[in-house]
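Everything on this sheet refers to the single structure shown next.
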Amino acid sequence: MGPAVRGARYSAMSTQQPDPYAVLGVDPGAGPAEITTAYRRAVRACHPDTEHPDRERLAAVIAAYRQLRSHPRDTAAPREERPIPVRVRPPAREPDLRAGPVRHHVD
């Protein structure tokens with residue numbers, strides 16, 4: 001395969017974006033937890049540190065996950081920002097005045 005054919009194949013691949021749901025192997029109605037689980041499973045399968053690394057698939061999986069996470073599912077209604085619950089501890093109480101170990105002497 002010559003350089004011209006490789007360049008043509010690359011340009012054809014770069015203009016066409018695959019369906020991110022198909023890349024991750026989930027249904028289009030999948031929720032965020034299911035998408036994240038599928039993403040992690042796919043990354044573990046094709047990561048360069050595994051026995052059979054697949055860098056092209058890894059790049060496609062990462063791009064698909066970024067695309068799904070950056071676009072909210074319902075574009076008509078804005079995403080509701082939920083406040084993050086933060087527990088505030090009450091200030092530490094001063095300890096009562098205590099003396100060191102107390103010995104009871106029997107007279």
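For the pair residue 19/residue 51, report the inter-label distance in nm, with labels modelled 7 Å from Cα in the Cβ direction. For residue 19 paired with residue 51, the spin-label model returns 3.2 nm.
Each of residue 88 and residue 102 was given a label point 7 Å from its Cα along the Cα-to-Cβ line. The distance between the two points is 3.7 nm.
Using a/c under 1.5 as the rounded threshold, could you call the stretch 10-70 rounded, prolate or oblate? The axes a ≥ b ≥ c are square roots of the C-alpha gyration tensor eigenvalues, and prolate needs a/b larger than b/c, oblate otherwise.
Oblate, because a/c is 1.5 or more while a/b does not exceed b/c.
Label sites at residue 67 and residue 37, each approximated as a point 7 angstrom past Cα along Cα to Cβ, lie 2.3 nm apart.
Bear in mind that the values in this text are calculations on the coordinates, not laboratory data. These figures come from a predicted structure and were not determined experimentally. Every residue, glycine among them, receives a Cβ derived from its backbone with ideal geometry; neighbour counts consider all protein chains shown.
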